[in-house]
Amino acid sequence: MSNQAPRIFVAGHNGMVGSAIVRHLESLGHSNIVTRSHSQLDLKDMHQVQSFFLEEKIDQVYLAAAKVGGIHANNSFPAEFIYDNLMIELNVIHSAHLAGVQQLLFLGSSCIYPKFSQQPMREDALLTGVLEPTNEPYAIAKIAGIKLCESYNRQYGRDYRSAMPTNLYGKNDNFHHENSHVIPAMMRRFHEAKETGAEEVTVWGSGEPMREFLHVDDMADASVFIMNLNHEKYADNTQPMLSHINIGTGVDCSIRELAETMKRVVGFDGELVFDTSKLDGTPRKLMDVSRLKALGWEADTTLEKGLKDTYRWYKDNINNLRD
């Protein structure tokens, strides 16, 4: 990397994670941030991506671009989820290497871990069991991204790192009425119930499953922290073939607690009803974040504070969100 301000490419800058990374980099004074929309650069096109890297002289890459979706989307389009994500990773990581980019951070997902992982999930649980069938193609692609980074490090001496976040929420989340995750789906449901004067909101399941949630601004802060860690410190706390780092709060809550907090944040005065005829899913899903904590980073946004921030953004942007 040159002595001048690094040219930083944030792939996926229009998404929730990528946009948060751009905001955080700008808050730190970085002005040399390179972004491209899908219409400007198709990351699945090898020739476009290689030309981009050769022309732009990039120093650092945050690879936040991915095809993402909920259970319904993963089940309906498994071929697209594995193909698109593999192609994005292959093209960006290989093209970065060919262009001499030394630093890259690949962003994955907690779904890389086996379905029946011991809780909390440690980094060394990777590849120790079968994956959750509903998102296996996506998880396989994300595991491949980790191994791509490790392989270029081992063979070519690159400094390509991987971070695996827990469940994220925040500004620019997907609030679609069918394809959104639990926090945006619940927030929209409570907001609409409040607006229409509904007497109750129904939450699927018993409310007992435990889940961990991380505000996307904390995720961005952790990403920049991991990218800029001293190489020796990073190497001392990871292994060449087990190099990824979990990002989370290390704290979970029940779906009931989440619903009660959401009700308070949104200001819904009606009743909370749990539909126990609906499946609960995995009883618990919590990340072990001791590796990241040992490196010197911890999340500092409480769930209630993060939900308030997200709800403000949702109300301000509700007319621009796709249905």
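The values are calculated or read from the model by the stated rules, or taken from the named source; none is laboratory data. Nothing here was measured: the structure is a model prediction, and the numbers come from that model. For neighbour counting, all protein chains shown are included, and Cβ atoms are generated from backbone atoms with ideal geometry for every residue, glycine included.
Please tell me if HIS215 is under 25 Å from LEU25 (Cα atoms), in contact with a helix residue (DSSP H, G or I) (Cβ under 6 Å, 6 or more places away or on another chain) and either among the aromatic types (Phe, Trp, Tyr) or modelled with pLDDT of 95 or more (or both). Explain how you work it out, then say what you get.
On the way: under 25 Å from LEU25 (Cα atoms): yes; in contact with a helix residue (DSSP H, G or I) (Cβ under 6 Å, 6 or more places away or on another chain): yes; either among the aromatic types (Phe, Trp, Tyr) or modelled with pLDDT of 95 or more (or both): yes.
Taking the combined requirement at face value, the residue satisfies it.
Out of contact with any strand residue (DSSP E or B) (no Cβ under 9 Å at 6 or more places or on another chain), surrounded by 19 or more Cβ atoms within 10 Å (Cβ to Cβ) and assigned to a helix (DSSP H, G or I), is that true of ILE88? No: the conditions fail for ILE88. Pairs are defined by a Cβ separation below 7 Å, a sequence spacing of at least 6 or placement on different chains, a first member in the stretch 7-34 that is under 15 Å from ASN172 (Cβ atoms), and a second member that is of a type in the set (Ser, Thr, Tyr) and surrounded by fewer than 16 Cβ atoms within 10 Å (Cβ to Cβ); the pairs so defined are ASN14/SER37.
Could you look through the stretch 300-320, keep only residues that are in a loop (DSSP other than H, G, I, E, B) and in contact with a helix residue (DSSP H, G or I) (Cβ under 8 Å, 6 or more places away or on another chain), and pick out the one that is nearest to TYR169 (Cα to Cα)?
Residues of the stretch 300-320 in a loop (DSSP other than H, G, I, E, B): 300-302.
Those left that are additionally in contact with a helix residue (DSSP H, G or I) (Cβ under 8 Å, 6 or more places away or on another chain): 300-301.
Working: ASP300: 14, THR301: 12 Å.
Restricting to residues being in a loop (DSSP other than H, G, I, E, B) and in contact with a helix residue (DSSP H, G or I) (Cβ under 8 Å, 6 or more places away or on another chain), the top hit is THR301.
Looking across the stretch 39-85, the residues that are farther than 25 Å from GLU136 by Cβ and in a loop (DSSP other than H, G, I, E, B) come down to SER39, GLN40, LEU41, ASP42, ASP45, LYS57, ILE58, ASP59. Could you please find all residues in the stretch 49-80 being among the polar types (S, T, N, Q), surrounded by fewer than 16 Cβ atoms within 10 Å (Cβ to Cβ) and at pLDDT 95 or above? Correct list: SER51 only. Screening the stretch 279-299 for residues that are modelled with pLDDT of 95 or more and part of a loop (DSSP other than H, G, I, E, B) and picking the one that is surrounded by the most Cβ atoms within 10 Å (Cβ to Cβ) gives VAL289.
Checked against (1) crowded, with 18+ Cβ neighbours inside 10 Å; (2) within 16 Å of TYR169 (Cβ to Cβ); (3) within 18 Å of the chain's Cα centre (by Cα), ILE255 passes all but a single condition, namely (3).
Return the residues of the stretch 230-252 that are touching a residue at least 40 places away in the same chain (Cβ under 8 Å) and surrounded by fewer than 20 Cβ atoms within 10 Å (Cβ to Cβ); say none if nothing qualifies. It would help to see each step written out before you state the result.
At the first step, the residues of the stretch 230-252 found to be touching a residue at least 40 places away in the same chain (Cβ under 8 Å) are 231, 233-234, 237-238, 240-250, 252.
Listed by number, the residues that qualify are HIS231, LYS233, TYR234, ASN237, THR238, PRO240, MET241, LEU242, GLY250.
Residues that are of a type outside the set (Gly, Ala, Ser) and at pLDDT below 95: does the stretch 104-111 have at least one? Checking the stretch 104-111: at least one residue is of a type outside the set (Gly, Ala, Ser) and at pLDDT below 95. For the stretch 213-268, a residue qualifies if it is assigned to a helix (DSSP H, G or I) and among the small types (Gly, Ala, Ser), and the qualifying residues are ALA220, ALA222, SER223, ALA235, ALA259. Selection of the stretch 31-40 for residues being more than 20 Å from ARG161 (Cα to Cα) and buried (at least 17 other Cβ atoms within 10 Å of the Cβ) yields only ARG36.
Counting just the residues of the stretch 124-143 that are of a type outside the set (Ser, Thr, Tyr), in a helix (DSSP H, G or I) and over 16 Å from the mean Cα position of the chain (by Cα), which one comes out surrounded by the most Cβ atoms within 10 Å (Cβ to Cβ)?
First, pick out the residues of the stretch 124-143 that are of a type outside the set (Ser, Thr, Tyr): 124-127, 129-133, 135-137, 139-143.
After this cut, where a residue has to be in a helix (DSSP H, G or I) as well, the list is 124-125, 133, 135-137, 139-143.
From what's left, over 16 Å from the mean Cα position of the chain (by Cα): 124-125, 133, 136-137.
On the way: ASP124: 11, ALA125: 18, PRO133: 12, GLU136: 17, PRO137: 22.
Ranking the qualifying residues of the stretch 124-143, first place goes to PRO137.
Of the numbered criteria (1) at pLDDT below 95; (2) closer than 18 Å to TRP313 by Cβ; (3) part of a loop (DSSP other than H, G, I, E, B); (4) not polar (S, T, N, Q), the one GLU178 fails is (2).
Against the condition under 16 Å from VAL101 (Cβ atoms) and in contact with a strand residue (DSSP E or B) (Cβ under 6 Å, 6 or more places away or on another chain), how does VAL22 come out, does it pass? Answer is no for this residue. Taken over the stretch 147-166, the residue count meeting the criterion of being without any contact (Cβ under 8 Å) to a residue 60 or more places away in the chain and outside any helix (DSSP H, G or I) is 1.
Filter the stretch 181-199 down to the residues that are free of Cβ contacts under 8 Å to residues at least 12 places away in the same chain and in a helix (DSSP H, G or I), then identify the one that is nearest to the chain's Cα centre (by Cα). Here the answer is ALA185. The condition of being modelled with pLDDT of 95 or more and closer than 18 Å to ALA64 by Cα holds for MET164.
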